[in-house]
Ligand SMILES: [Zn+2]
């Protein structure tokens, strides 16, 4: 009897001690890596109050809020053009509004020089430019959504397995001419390699784009949108609900490429961020 009581006491003590640690570890498996740099993700603590749940805005745009443990946090996508220094979020609870500040740190991304044989893909003609503008509008519409959803996790499964052929953020030169920085992660693998949805979501756009080739955009909720480019085949339709690790298509070499690979883009509150900050495991070593 006494022994049982002692064991119960020990178990209760262990549980009590284990809870804060579990909560922190839990948060790590739910939240992206905190990297408040241009093209990175800022994880900003908002507080403990439960109701009403907070809404947070960065540069006027709604950002993700969730409560992985005892605190509410905002998960903010920072544009590659963000200036290092003080930044702030507007946080509202019901009718109350406050400002929460955070710091953007500097990061230098390396340069990358690529040679493209198809000169029109580097210097498009007037007709191409019209098409590129229309596709940019469709892509912006897909990436700037905010769907009210509760998110269980912001950790994404690898969308494909292969070799890291280009990291996020590289300052790019095509045929020695400066172009937009690399706003995604390139995973090189043979054409036909399956591409899997990294989380549950809804397909909000598909198409064949001038630069990006065959594309798919998936809305995972609260402004988290992922993009797949240069696909050989698209195996989903606009409006389809997809689940984690469901095949959505195959790796290919369509659009402006130097070889078959998946260009994977991750958008938070309308800004392209480094996909590697959200991955739950590496796409560069097959499990
Ligand atoms: Zn790419």
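A compact table of results
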{"item": "Among residues of the range 206-216, those that are farther than 20 Å from residue 180 by Cα and within 19 Å of the chain's Cα centre (by Cα), counted", "result": "2"}
{"item": "Scope the range 211-249; condition at pLDDT 95 or above and over 22 Å from residue 161 (Cα atoms); matching residues", "result": "221, 222, 223, 237, 238, 239, 240, 241"}
{"item": "Check on residue 130, free of Cβ contacts under 8 Å to residues at least 60 places away in the same chain, closer than 15 Å to residue 267 by Cα and not assigned by TED's automatic domain parsing to the domain that holds residue 47", "result": "no"}
{"item": "Residue in the range 166-180 that is in a strand (DSSP E or B), assigned by TED's automatic domain parsing to the domain that holds residue 258, at pLDDT 95 or above and in contact with a helix residue (DSSP H, G or I) (Cβ under 8 Å, 6 or more places away or on another chain) present", "result": "no"}
{"item": "Of all residues in the range 32-61 being in a strand (DSSP E or B) and under 14 Å from the mean Cα position of the chain (by Cα), the one that is farthest from residue 80 (Cα to Cα)", "result": "43"}
{"item": "Check on residue 193, within 29 Å of residue 285 (Cβ to Cβ) and over 20 Å from the mean Cα position of the chain (by Cα)", "result": "yes"}
{"item": "Residue match in the range 123-133 (condition: within 16 Å of the ligand (Cβ to nearest atom) and surrounded by 16 or more Cβ atoms within 10 Å (Cβ to Cβ))", "result": "no"}
{"item": "The range 66-116, residues that are under 25 Å from residue 29 (Cβ atoms) and without any contact (Cβ under 8 Å) to a residue 40 or more places away in the chain", "result": "67, 71, 72, 74"}
{"item": "Qualifying residues in the range 144-165 (those that are assigned to a strand (DSSP E or B) and within 17 Å of the chain's Cα centre (by Cα)) - the one surrounded by the fewest Cβ atoms within 10 Å (Cβ to Cβ)", "result": "164"}
{"item": "The range 168-178, residues that are more than 22 Å from the chain's Cα centre (by Cα) and either within 10 Å of the ligand (Cβ to nearest atom) or surrounded by fewer than 16 Cβ atoms within 10 Å (Cβ to Cβ) (or both)", "result": "173, 175, 176, 177, 178"}
{"item": "Segments classed as strands (runs of 3 or more DSSP E), wholly inside the range 190-287, with at least 1 members that are in contact with a helix residue (DSSP H, G or I) (Cβ under 7 Å, 6 or more places away or on another chain) and away from the ligand (no atom under 16 Å from the Cβ)", "result": "201-209, 224-234"}
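The values are calculated or read from the model by the stated rules, or taken from the named source; none is laboratory data. All values reported here derive from a predicted model rather than from experimental measurement. Quick reminder, even Gly has a Cβ in these numbers, built from the backbone with ideal geometry, and neighbours come from all protein chains shown.
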